[in-house]
Amino acid sequence: MTPVITIDGPSGSGKGTISQLVAERLGWHLLDSGAIYRVLGLAADRAGITAQQPAELAALARSLELSFQGGRVLLGDEDVSQLIRTETAGNAASKVAALPQVRTALLDWQRAYAKVPGLVADGRDMGTVVFPDAAVKIFLTASAQERALRRYKQLKGKGLDANLARLVAEIQERDDRDQNRSVAPLKAPAAALEIESTSLSIEEVLKRVLERVYKTYPGLAVPAT
Ligand code: C5P
C-alpha cells in the first residue's frame, strides 16, 4: 500500500506550507484538497450554480477540469492559482464543501493521488474520511487570532488591503461551518499527532512532523538537509 501522510487543520494553521515542505523533503506527491473545493467554488460561481443546487454541484465536481502543474492550479487552460486564494474564494469553497453529494463525488478522485513513492494529503478530512488508513496523521491548529494575524501579514506583504478584525471574523465563520457540517466535519483524527502551532515557527512544526514520519517509517532514508 502506498504510504500516506495526512495533514489536517483549520484555515491558516500553516498546514499548506508544512505539507509542501514535507512533500518536498520526502520527494512525495502532494494533494492540496482545499484547492479542489476552491476551484469548484469558482467554477460554480461562474456557472451560476449555488449551494442550494447540490445535484448540479456534484455533476460539476465530477466534470471539473482541474489540474495541478508544478505549483500552479489550472481550471481548463486557465491559471487560477491566485484567483482561488482570496477570502471570498475560501468562503465559497467552504459552502460547496458542506454538501455531502459534492464530497462523495470527489472521493475517488482524491484517493487516486496516492501514488508511489508516497502522498502528503492536506485538508480537513484527509485523516478521518479520505485516507482513514494513513499511518501518519497530523492535526495542526493555532488560535483564530494568530491565524488571522498570519493571513494579515501575508496580505500586507503582497501590498494588498487587509483588515485584521474582519479576518478574525471570517476565519471564525469558516471554522464554524467546517466544524459543524454534517458530513466530514473538521476534527482531529483518532491517533493523530496534534500540534498547536500558535507560538511555534514553521521549522519547529516541520521538525515535529518529520520526527513522527521517520519514527513510523524507519526505513525511509533521511535526505541530506
Ligand atoms: O484548506 P483551504 O483553506 O484551501 O480550504 C478551503 C475550504 O475547503 C475549507 O474552508 C473547507 O471548507 C474546504 N475543505 C474541505 N475539505 C478538505 C479541504 C478543504 O471541506 N479536505
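The values are calculated or read from the model by the stated rules, or taken from the named source; none is laboratory data. Remember, it's a predicted structure, so these values are computed and weren't measured experimentally. Glycine gets a Cβ as well: all are built from the backbone with ideal geometry, and neighbour counts include every protein chain shown. For the accessible areas, the whole protein counts, side chains as well, though only heavy atoms, and no ligand, DNA or RNA atoms are used. Shrake-Rupley method; radii C 1.70, N 1.55, O 1.52, S 1.80 Å.
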*Tyr113, sole failed condition from (1) within 11 Å of the ligand (Cβ to nearest atom); (2) on the phi < 0 side of the Ramachandran plot; (3) under 15 Å from the mean Cα position of the chain (by Cα); (4) touching a residue at least 24 places away in the same chain (Cβ under 8 Å)*: (1)
*Restricting to the range 1-27, what's the tally of residues that are of a type in the set (Gly, Ala, Ser) and in contact with a helix residue (DSSP H, G or I) (Cβ under 8 Å, 6 or more places away or on another chain)?*
6
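Residue by residue, here is whether (1) within 15 Å of the ligand (Cβ to nearest atom); (2) of a type outside the set (Gly, Ala, Ser); (3) more than 17 Å from the chain's Cα centre (by Cα); (4) farther than 16 Å from Pro10 by Cα holds:
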| site | (1), (2), (3), (4) |
| --- | --- |
| Ile171 | yes, yes, no, no |
| Lys187 | yes, yes, no, no |
| Thr198 | no, yes, yes, no |
| Val205 | no, yes, no, no |
| Leu210 | no, yes, yes, yes |
| Tyr217 | no, yes, yes, yes |
*asked:* For the structure I just gave you, tell me whether Asp133 is more than 25 Å from Leu26 (Cβ to Cβ) and open to solvent by 80 Å² or more (accessible area, probe 1.4 Å).
replied: no
*Quick one: is Ala162 hydrophobic (A, V, I, L, M, F, W, C), closer than 19 Å to Ser13 by Cα and in a loop (DSSP other than H, G, I, E, B)?*
yes
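For (1) under 17 Å from the mean Cα position of the chain (by Cα); (2) among the small types (Gly, Ala, Ser); (3) within 16 Å of the ligand (Cβ to nearest atom), each residue gets a yes or a no:
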{"residue": "Gly14", "(1), (2), (3)": "yes, yes, yes"}
{"residue": "Glu24", "(1), (2), (3)": "yes, no, no"}
{"residue": "Leu30", "(1), (2), (3)": "yes, no, yes"}
{"residue": "Arg46", "(1), (2), (3)": "no, no, no"}
{"residue": "Leu60", "(1), (2), (3)": "no, no, yes"}
*Can you run down the residue pairs with Cβ atoms below 6 Å, 6 or more apart or on separate chains, where the first is in the range 82-103 and acidic (Asp, Glu) and the partner is more than 10 Å from the ligand (Cβ to nearest atom)?*
Glu87/Glu170
*Residue check: is Arg147 open to solvent by 30 Å² or more (accessible area, probe 1.4 Å) and either under 23 Å from Ile171 (Cα atoms) or of a type outside the set (Phe, Trp, Tyr) (or both)?*
no
*Among the numbered criteria (1) among the hydroxyl-bearing types (Ser, Thr, Tyr); (2) more than 20 Å from Arg124 (Cα to Cα); (3) within 16 Å of the ligand (Cβ to nearest atom), which single criterion is violated by Thr6?*
(2)
